[in-house]
1. So A:HIS80 clears everything in (1) at pLDDT below 90; (2) away from DNA strand D (no atom under 12 Å from the Cβ); (3) exposed (fewer than 13 other Cβ atoms within 10 Å of the Cβ); (4) not acidic (Asp, Glu) except one condition, right? Which one?
2. Among the residues in the range A:16-30, are any farther than 30 Å from B:GLU100 by Cα, away from chain B (no Cβ under 11 Å), within 11 Å of DNA strand C (Cβ to nearest atom) and in contact with a Phe, Trp or Tyr (Cβ under 6 Å, 6 or more places away or on another chain)?
3. Of everything in the range B:116-137 that's more than 24 Å from the chain's Cα centre (by Cα) and not in a loop (DSSP other than H, G, I, E, B), which residue is farthest from the other protein chains (Cβ to nearest Cβ)?
4. Could you tell me which residue of the range B:54-68 is nearest to A:THR66 (Cα to Cα), considering only residues that are within 11 Å of DNA strand D (Cβ to nearest atom) and within 12 Å of the chain's Cα centre (by Cα)?
5. Residue by residue through the range B:99-137, note down the ones that are in contact with a helix residue (DSSP H, G or I) (Cβ under 9 Å, 6 or more places away or on another chain) and β-branched (Val, Ile, Thr).
6. Just give me the residues in the range A:7-61 being of a type in the set (S, T, N, Q) and farther than 23 Å from A:VAL129 by Cα, in sequence order.
7. Take B:ARG63 and tell me if it is of a type in the set (Lys, Arg), in the same structural domain as B:ASP6 (by TED's automatic domain parsing), touching a helix residue (DSSP H, G or I) at 6+ places or on another chain (Cβ under 8 Å) and surrounded by fewer than 17 Cβ atoms within 10 Å (Cβ to Cβ).
8. Given the criteria surrounded by fewer than 17 Cβ atoms within 10 Å (Cβ to Cβ), free of Cβ contacts under 8 Å to residues at least 40 places away in the same chain, within 9 Å of DNA strand D (Cβ to nearest atom) and not assigned by TED's automatic domain parsing to the domain that holds A:PHE123, does A:ARG37 qualify?
There are 2 protein chains.
Amino acid sequence: MSGLSDLRLTTQRQAVLNAVQHSVNHPDAAEVYEHVRASLPRVSLGTVYRALDALVEAGFLLRIETSGPARYDGNVEPAHHHLTCARCGAVVDIPVTRAERQVIDEARKARPELRVSGVRLDFRGLCPVCRDAEERG
Amino acid sequence: MSGLSDLRLTTQRQAVLNAVQHSVNHPDAAEVYEHVRASLPRVSLGTVYRALDALVEAGFLLRIETSGPARYDGNVEPAHHHLTCARCGAVVDIPVTRAERQVIDEARKARPELRVSGVRLDFRGLCPVCRDAEERG
DNA sequence: GTGAATGCAAAAGCTTTGCAACCTA
DNA sequence: TAGGTTGCAAAGCTTTTGCATTCAC
């Protein structure tokens, strides 16, 4: 498995891709597994992990590292980043495009030898649920 | 454990802090354990994990999530970020300060409700070792 | 002296993998 | 039909935890 071309679109992989893309938040493997099980009761967790790997490798999904289980993102647009909730750890998408370019320029100037090719922005803040909770006390 | 004040400075914690701060790269728990064992042969891996947690919690260390084991950073300056090597996965420090402010401003404008309080930048590029290797072919 | 920290070992949590059966191109 | 893919189960790796003992304040 090493690119878009040689990816077999099996029933299981389509179900996994669909589960991530139609998820409101960014699901982890266990959540994807539960969702896929609804339509494919005999699917295994191992298959879900292998499908997620294959889909990330092929560029259909993004993998987000956290302090717990990895989460997956069906939105692979380059100029889209993440905010981690300081209260509950949820991951929310956040669009930032203009300033991204300047960050990369500054990094290239600061450390030209590092051959900076891109940047991922991880914001800290509050997800809507926790913001509401905070505002009430 | 919830702040600087109530952190007991035990021999083990000092050794763990010292190991991370004097490491060239960003060590994981196993590497810290090996280093600490040189001066404290009876230390346990569990203690290293608990010390790392306590030191992160108290603000002496930064924890970096990766696709493998978590890595720790003795440099806690706010305006210092990381570059992950696209070839070998090493994590290198990179100083970016000016553009960071603009990124936060843009994010606050794009999604005011998320109460953005900070940002962590994760650059993609090549560490010095891999850059040299690439340049040779 | 007292509560927190440690060492040890066992367990938990997440992810990967070996293998035989199965399916897709 | 040939090789990749799946289901199942076992193993692997990282991290956490229970408990008796020890230590720092």
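The values are calculated or read from the model by the stated rules, or taken from the named source; none is laboratory data. It should be emphasised that the depicted structure is a prediction, and the values quoted were computed from it without experimental measurement. Note: ideal-geometry Cβ built from the backbone for every residue, glycine included; neighbour counts use all protein chains shown.
1. (3)
2. yes
3. It comes out as B:ARG136.
4. B:GLU65
5. Once the filter is applied, which keeps residues that are in contact with a helix residue (DSSP H, G or I) (Cβ under 9 Å, 6 or more places away or on another chain) and β-branched (Val, Ile, Thr), the range B:99-137 yields B:VAL103, B:ILE104, B:VAL116, B:VAL119.
6. Passing the criteria: A:THR10, A:THR11, A:GLN12, A:GLN14, A:ASN18, A:SER39, A:SER44, A:THR47.
7. Values: of a type in the set (Lys, Arg): yes; in the same structural domain as B:ASP6 (by TED's automatic domain parsing): yes; touching a helix residue (DSSP H, G or I) at 6+ places or on another chain (Cβ under 8 Å): yes; surrounded by fewer than 17 Cβ atoms within 10 Å (Cβ to Cβ): yes.
Answer is yes for this residue.
8. Values: surrounded by fewer than 17 Cβ atoms within 10 Å (Cβ to Cβ): yes; free of Cβ contacts under 8 Å to residues at least 40 places away in the same chain: yes; within 9 Å of DNA strand D (Cβ to nearest atom): no; not assigned by TED's automatic domain parsing to the domain that holds A:PHE123: yes.
No; evaluated as a whole, the condition is false for this residue.
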